[in-house]
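The values are calculated or read from the model by the stated rules, or taken from the named source; none is laboratory data. On a predicted model such as this, the values are computed, not experimentally measured, just so you know. As a convention, Cβ positions derive from the backbone with ideal geometry for all residues, glycine included, and neighbour counts pool all protein chains shown. Surface areas here come from the heavy atoms of the whole protein model, side chains and all, with no ligands, DNA or RNA. Shrake-Rupley method; radii C 1.70, N 1.55, O 1.52, S 1.80 Å.
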Amino acid sequence: NKPGHQSSSFVPENPTLQNMLKDFGNEETADVKFEVGGTVECAAKGRRKRAKTPTNTFHAHHFALRWNAPALADMCKVGDDSPTTIANVQPEIFKHLLYYCYGGKIDQDDLQSKAKEIIEASDRFGIVNLKLEAEACYVDTVELTLDNIVEVVTYADSKNLALLKEHCMDFLSSANKIEVTEKVPFDSIPSYLMKDLLVAQARCETKSNVSGDLGLMRVSELRKLAHDKGLGVDGSREMLIASIKDNGEGGESES
């Protein structure tokens, strides 16, 4: 270095994200609005019940939704004076979703305590990355037992939560087989999920390196591979594998 010349210069970061967050909830610049609350369906002891919640109005910018919550963007029109009504979502959850669309990060405690609600709403409005983030949080916190495994795996299947399904199958494949056959009603599990169970079993038993075998790869590996190729990451194991194969197997980039 030349005498008196600093080795590095301070350069502020790109302010776009912070500027986006500053505009979150700005009524003056917003071009769409939503009315959220009223009646919300909730699960209670295995049954769906309706509960009344306060109604809240949220203001947003259509461009932020178009890129990050496409299904939600399609529900509203720019400049419409009447708010778009959103049913079956708690206002608190909807606020989390909008904040995420502006580049905000949801508090870990909120993700843990409201994981299923966030998954439900994210899946409904096409906020894929938030859905997967909440799913990963749920996987880390859910306590699987032979008594609740059917309920959890069928929930995972209904919401296309491949990571949670894999977690359930890993649990079953490592559990005592006699206890599993005695306590788990397999006729309540969709038959096509048995392939996932066999994959989990094969992964436990194989001694070879499975890093390049798509059929035995873990969901996180498949998602990363799909993401690196610019492919969608929200789908079942089979969907991810088929998409990767159609695009050309392997993680190498095109030259």
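Considering the range 38-83, and only residues there that are modelled with pLDDT of 75 or more, assigned to a strand (DSSP E or B) and out of contact with any Cys (no Cβ under 9 Å at 6 or more places or on another chain), the residue that is most open to solvent (accessible area, probe 1.4 Å) turns out to be 54. Looking at the range 226-248, which of the residues that are farther than 22 Å from residue 154 by Cα and under 17 Å from the mean Cα position of the chain (by Cα) is most open to solvent (accessible area, probe 1.4 Å)? By that ranking, first place goes to 227.
The set of residues in the range 101-127 being open to solvent by less than 50 Å² (accessible area, probe 1.4 Å), in contact (Cβ under 8 Å) with a residue 24 or more places away in the chain and more than 13 Å from residue 36 (Cβ to Cβ) consists of 101, 102, 103, 104, 106, 111, 115, 118, 119, 122, 126, 127. Of the residues in the range 114-127, at least one is more than 19 Å from residue 232 (Cα to Cα), out of contact with any Pro (no Cβ under 7 Å at 6 or more places or on another chain) and outside any helix (DSSP H, G or I).
Can you tell me which residue is least open to solvent (accessible area, probe 1.4 Å) among those in the range 203-221 that are closer than 15 Å to residue 168 by Cα and at pLDDT 90 or above? Per the stated criteria, the residue is 219.
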